[in-house]
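**Q** Please see the structure below; I have some questions.
Laboratory data are not the source of any read-out in this text; all were calculated from the coordinates shown. The structure presented is a predicted model; accordingly, all values stated were derived computationally and were not measured. In this analysis, Cβ positions are derived from the backbone assuming ideal geometry, glycine residues included, and neighbour counts consider all displayed protein chains.
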Amino acid sequence: MRILNASGCLDALTAPDVARSLDAFVSKTVTPLPREGNAPVRIAETDVGMLNSIGLANPGRNAFIVETLPRLRELGVPVWISVGGLAAHEYAETCAQLDDVTIELNLSCPNVEEAADTAATIVAACREATTLPLFAKLSPANWDISEVARAVQAAGADGLSLVNTMRGTALDEATLAPRLGTWSGGLSGPALKPVALAAVYACWRATRMPIVGMGGVMTGRDALELVAVGAQDVALGTVLFRDPDAPQRVRAEIAAELAALGIADVDVRGVAHEGGVASLLSLTR
Ligand SMILES: Cc1cc2nc3c(=O)[nH]c(=O)nc-3n(C[C@H](O)[C@H](O)[C@H](O)COP(=O)(O)O)c2cc1C
């Protein structure tokens, strides 16, 4: 299992040591044109996680490819580029300009429809534009995420990144006014874990594709649960704002959890689909 960061949750150029402690670094989503992002306030803490309304602030693909990407390559870890846009051709044009990276298609951008055919249309356009590995990052706010997963698989995706944030709102205690400038934003952190587990479970069963699981991973136990429902790799998001040492800590905690379960050397991927670790124990003993 590899440990990655979740897109938008680590600035590798200001925290290069944290980026180097990962098995791969995933960029913030890059769009064709520069974006300022949304008006402040753009971050609000809640009891169960964090709300953000950053709005895909980024320098745009030209500046990213010329200025940022060469510096990311110097980190010495594999680089994943998160690609966003408002239409299939915008995604495909960015993909065509990339080389020697893995591409994560952010199919959960504001203003991009989440319907299965739209996600599949974007993936198909990108598949035509590049031979690089393509991971489709899906929103859990979909009535049947496994249907979208099947559609993007058929369109040529190599893997899935699951899940992006879900829309949420927080109100100011004293004034009852929305705390975010945009009134709602993406909910991440602990509240998202059961949502992520359900999404990975459904999509692995539907596609058996490589999956990067994310959503509320704070501990090694959380990471292990995502693997048990079918994730191949795990990404850390909100936890990195609180604990930059999370990659090493989570790795150590996974090893300790597996040892405690008595299955230190066993691949637990998908074990939840077989009724849990009891099935592994009957194989290994
Ligand atoms: C501040 C912030 C910025 C984010 N920016 C992006 C982004 O640019 N592209 C993207 O695909 N996801 C973005 N995300 C979503 C994360 O990559 C991840 O899917 C989500 O936060 C769930 O993981 P977590 O609960 O571990 O944070 C962002 C999340 C946060 C908290």
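**Q** Averaging sequence separations of C-alpha pairs under 8 Å and six or more residues apart, then dividing by the length of the chain, give the relative contact order as a whole percent.
**A** Relative contact order of the chain: 18 percent.
**Q** With a 10 Å Cβ neighbour count serving as the proxy for reagent exposure, in which order, fewest first, do Thr14, Thr121, Thr46 appear?
**A** Thr14, Thr46, Thr121
**Q** Next up: Classify the chain as rounded, prolate or oblate from the Cα gyration tensor: take a ≥ b ≥ c as the square roots of its eigenvalues, call it rounded if a/c is under 1.5, otherwise prolate when a/b beats b/c and oblate if not.
**A** It is rounded, given that a/c, with a ≥ b ≥ c, falls under 1.5.
**Q** Measuring from label point to label point, each 7 Å out along Cα→Cβ, what is the Val66 to Arg221 span in nm?
**A** Simple spin-label model gives 5.1 nm for this pair.
**Q** Please identify every one of the trypsin sites (Lys or Arg not before Pro) in segment 1-102 that sits in a loop by DSSP and has no more than 16 other beta carbons within 10 Å of its own beta carbon.
**A** Of the trypsin sites (Lys or Arg not before Pro), the ones in loops of segment 1-102 whose Cβ has at most 16 other Cβ atoms within 10 Å are Arg2.
**Q** Using the Cα centre as the reference, give the magnitude of the dipole from point charges on the C-beta atoms of the chain (Lys, Arg: +1; Asp, Glu: -1; all else neutral), rounded to the nearest 20 debye.
**A** Dipole magnitude for the chain comes out near 180 debye.
**Q** Using a Gaussian network model of the chain with C-alpha springs under 10 Å, which one of Ile254, Ile103, Ile145 is most mobile by mean-square fluctuation?
**A** Result for the chain, Cα springs under 10 Å: Ile254 fluctuates most.
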